[in-house]
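In what follows, a structure is listed as structure tokens, so that the remarks can point back to it.
The values are calculated or read from the model by the stated rules, or taken from the named source; none is laboratory data. All values derive from a computational prediction rather than experimental measurement. Every residue, glycine among them, receives a Cβ derived from its backbone with ideal geometry; neighbour counts consider all protein chains shown. Just so you know, the surface numbers come from the protein's heavy atoms only, side chains and all, with ligands and any DNA or RNA stripped out. Shrake-Rupley method; radii C 1.70, N 1.55, O 1.52, S 1.80 Å.
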Amino acid sequence: MERYRLLNEPSLAESICLDILTIAPNHQQALISLVLTRTEQFGSGVSMEAAHEILSRMEGDYERAYYGGIIWERMAHAQLRRGRLGGGASAYHGLREAMNCYEQAEAVRPPGNDDAILRWNTCARVIMRNPEIRPLPHEEFQPILSE
């Protein structure tokens, strides 16, 4: 499944993950790969909800928080790529949600695992370096959560 992800074939990798999960429903690596393959298909008809539904099947608090952050972060980048009106505000919201998830993951991370901190820093840099990524006034903001 990882090979297909690396070959930019996320739909094939998703199919393999689903086959594995049919036989072993709690296979953690297959669940992680399924989240990643679905997020790689944002902007191609896969919804955020399709990725989010997998989180509850992950066993660890760290994994649920960290991959929850990955989902939000990748959705934010997909919204930016689409270039729609309000996409910068939606991306800002998504990146801030990702950062919140990464903060939760950082609090329960395994010793020596700095991945959540590194992802948080990446989100912060994306916001700081892109002037179009800004929040709208609260009453106007409506996040785009699906395709």
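Which of the following residues is within 29 Å of Ala13 (Cα to Cα) and open to solvent by less than 70 Å² (accessible area, probe 1.4 Å): Ala89, Ala98? Let's see the steps before the verdict.
Values: Ala89 fails: within 29 Å of Ala13 (Cα to Cα).
Just a single option satisfies the conditions, and that option is Ala98.
Go through (1) modelled with pLDDT under 95; (2) more than 20 Å from Leu12 (Cα to Cα); (3) surrounded by 23 or more Cβ atoms within 10 Å (Cβ to Cβ) one by one and return the number of the condition Gly69 breaks.
Evaluating Gly69 over (1) modelled with pLDDT under 95; (2) more than 20 Å from Leu12 (Cα to Cα); (3) surrounded by 23 or more Cβ atoms within 10 Å (Cβ to Cβ) leaves (1) as the failure.
Of all residues being over 26 Å from Val46 (Cα atoms) and open to solvent by 60 Å² or more (accessible area, probe 1.4 Å) in the range 119-139, which is modelled with the lowest pLDDT? Just the residue, please.
Glu139
Could you grab the pairs with beta carbons closer than 8 Å, sequence gap of 6+ or different chains, first residue in the range 7-34 and under 21 Å from Ala65 (Cβ atoms) and in contact (Cβ under 8 Å) with a residue 12 or more places away in the chain, second one assigned to a helix (DSSP H, G or I) and of a type in the set (Phe, Trp, Tyr)?
Here the result reads Ile32/Tyr67, each pair linking the range 7-34 to a residue that is assigned to a helix (DSSP H, G or I) and of a type in the set (Phe, Trp, Tyr).
Might you check whether a residue that is modelled with pLDDT of 95 or more, open to solvent by less than 30 Å² (accessible area, probe 1.4 Å) and outside any helix (DSSP H, G or I) occurs anywhere in the range 38-54?
Yes, the range 38-54 has at least one match.
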